[in-house]
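Chemist: Right, I'll just put the structure down here and ask away after.
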Amino acid sequence: GQMGEASCPNFCLCLEAWCCMGLSMSAARMAVMDQYRIHPDPCDYRLMCFSNFLQILQCICMILAIFISELRDVAELVKRLADLVFMCILACMVAQVDLEL
């Protein structure tokens, strides 16, 4: 690449995985799928869209909770649910990549 990762690939890989976990895993999954010519299941896209929806809902709830204090518990609940769904989907991506490699 053009970011100097050739000089310190392990550091760059750790930084990518730590700061951009979801994007990193999604990119690895897509690279493996391209390499082995695997087509994603429509259910995969539905689950990812659901996770994205929950992340957006979380943002909206957190912003509303700033102005409406009664929504703080709801915002925290939505945040935990969004994180749980994200981690479950991330675990499925890791399992898919691990299975193919």
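Chemist: If you roll a 1.4 Å probe over the chain with all protein chains in place, what percent of the accessible area is carbon or sulfur?
Modeler: 69
Chemist: For ASP83 and GLU100 in one chain, what is 0.36 nm times their gap in residues minus the Cα-Cα distance, to one decimal in nm? Mind showing how you got there, number by number?
Modeler: On the way: separation 17, 0.36 × 17 = 6.12 nm, distance 2.59 nm.
Length gained, ASP83 through GLU100: 3.5 nm.
Chemist: What angle, in degrees between 0 and 90 and rounded to the nearest 10, separates the Cα long axis of helix 21-35 from the longest principal axis of the Cα atoms of the chain?
Modeler: With both axes taken from Cα atoms, the answer is about 40 degrees.
Chemist: To the nearest 10 degrees, how steeply does helix 9-19 sit against the main Cα axis of the chain, on a 0 to 90 scale?
Modeler: 20
Chemist: Pull out the extension gain between MET62 and CYS43, defined as 0.36 nm times the separation in residues minus the alpha carbon to alpha carbon distance; nm, one decimal. The partial results should precede the final answer.
Modeler: Values: separation 19, 0.36 × 19 = 6.84 nm, distance 2.85 nm.
Gain on extension, MET62 to CYS43, equals 4.0 nm.
Chemist: A further question follows. Given a cut-off of under 8 Å on Cα pairs at least six residues apart, what relative contact order in percent is computed for the chain?
Modeler: Dividing the mean separation by the residue count of the chain yields 31 percent.
Chemist: If r is the Cβ-Cβ distance from PHE53 to GLU5 and R0 is 25 Å, what FRET efficiency results, to the nearest 0.05?
Modeler: It comes to 0.15.
Chemist: If I fit a long axis through the Cα atoms of helix 42-67 and take the longest principal axis of the Cα atoms of the chain, what angle between them do I get, 0 to 90°, rounded to 10?
Modeler: Approximately 40 degrees, to the nearest ten.
Chemist: Right, here's the next one. Considering only protein heavy atoms, what per residue accessible area in square angstrom results for the chain with a 1.4 angstrom probe?
Modeler: In whole numbers, the chain has 77 Å² accessible per residue.
Chemist: Please list, by residue number, every one of the trypsin sites (Lys or Arg not before Pro) in the range 4-101 that is coil in DSSP and has at most 15 other beta-carbon atoms within 10 Å.
Modeler: On the way: sites: ARG29, ARG37, ARG46, ARG72, LYS79, ARG80; in loops: ARG37.
Sparse-neighbourhood loop trypsin sites (Lys or Arg not before Pro): ARG37.
Chemist: Please give the calculated 222 nm ellipticity per residue for the chain, where each DSSP H segment of at least 4 residues contributes -39500 (n - 2.57) and the sum is spread over every residue; nearest 500 deg cm²/dmol? All intermediate terms of the calculation are to be shown ahead of the outcome.
Modeler: Values: 4 runs with 81 residues, N = 101.
So the helix-based figure for the chain works out to -27500 deg cm²/dmol.
Chemist: Taking 35 Å as R0, compute the FRET efficiency from the Cβ-Cβ separation of ASP73 and LEU23 and round it to 0.05.
Modeler: So the FRET efficiency works out to roughly 0.70.
Chemist: Right, another one. More than 17 Å apart: what percent of Cα pairs in the chain qualify?
Modeler: Here the long-distance tail beyond 17 Å is 63 percent of all Cα pairs in the chain.
The values are calculated or read from the model by the stated rules, or taken from the named source; none is laboratory data. Computed from a prediction, not measured in an experiment: that's the story for all the values here. Here the Cβ is made from the backbone with ideal geometry for all residues, glycine too, and neighbour counts use every protein chain on show. These accessible areas exclude ligands, DNA and RNA; they are computed on the full protein's heavy atoms, side chains included. Shrake-Rupley method; radii C 1.70, N 1.55, O 1.52, S 1.80 Å.
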